[in-house]
Amino acid sequence: MKYHTACHILSAIIHNETGAQISGNQLGCEKTRVDFSLENFDREQIQSYEAKVNGIINKSLPVSIEILPRDEAFQIPSIVKLKDAFPPDIEEIRVITISGVDRQACGGTHVANTGEIPHIEIFKAENKGKNNRRVYFRFRNDQTDQGF
Ligand SMILES: [Zn+2]
């Protein structure tokens, strides 16, 4: 739950900061890594993403869940781009909102408040081919807890 919610925040930060498309699965989160499409990035940028994620954790923002009718969910800009990923017979969509940070369709489990998440560190960043970058994160001082 904690890793998964942290992944929402990190994906949102990278997307907001760079405009990069988040790839991988629907959410762009695969346990403790985020894949995204960007030509270049550097160590300073990565550290700034890490600091921003930890800033959101410090703010103790509420994380809420809504079940919205399909048409209503697809009026949300961060969700409409996933439209093709949803089979047409799905009538209701579960929407996760991290207040002021992220709004995504997601069926996963989340903490109720970002303050429940330990601080993260990005410990590895890779180039996975042209315009394809991957960052890995873990919790600081908590490297045995794989809480997802
Ligand atoms: Zn989620």
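Annotations
- Using alpha-carbon coordinates, inclination of helix 2-18 to the longest axis of the chain, degrees: 90 degrees
- Amide H contacts for residue 132 (H built 1.01 Å from N in the peptide plane; partners 5 or more residues away or on another chain; cut-off under 5 Å): 38.
- Rounded, prolate or oblate (a/c below 1.5 giving rounded, otherwise prolate when a/b exceeds b/c) for the stretch 98-143 by Cα gyration tensor: oblate
- The chain shape via C-alpha gyration tensor axes, a/c threshold 1.5: oblate
- Spacing of the two label points (7 Å from each Cα toward its C-beta) at residue 81 and residue 65, in nm: 2.5 nm
- For the chain, accessible area per residue (1.4 Å probe, heavy atoms of protein chains only), Å²: 54 Å²
- 16 Å Cα-Cα reach of residue 130 towards aspartates and glutamates, excluding residues that sit fewer than 8 places from it in its own chain: 35, 39, 42
- Rounded to the nearest 10 degrees, the angle from helix 43-58 to the longest Cα principal axis of the chain is 60 degrees.
- Along the axis of the charge dipole computed for the stretch 2-139 (Cβ charges of +1 for Lys and Arg, -1 for Asp and Glu, origin at the Cα centre), the listed residues 119, 101, 10 are led at the positive end by 119.
- Carbon and sulfur %, accessible surface of the chain computed with the full protein complex present, 1.4 Å: 46 percent
- Whole-Hz couplings from phi, Karplus 6.51/-1.76/1.60, listed for the stretch 82-89; x for Gly and Pro: 8, 3, 5, 7, 9, x, x, 7
- Computed accessible area, residue 124, all protein chains, 1.4 angstrom probe, square angstrom: 90 Å²
The values are calculated or read from the model by the stated rules, or taken from the named source; none is laboratory data. What you see is a predicted model; the values in this text were computed from it and never measured. Virtual Cβ from ideal backbone geometry, glycine too; neighbours counted across all protein chains shown. Just so you know, the surface numbers come from the protein's heavy atoms only, side chains and all, with ligands and any DNA or RNA stripped out. Shrake-Rupley method; radii C 1.70, N 1.55, O 1.52, S 1.80 Å.
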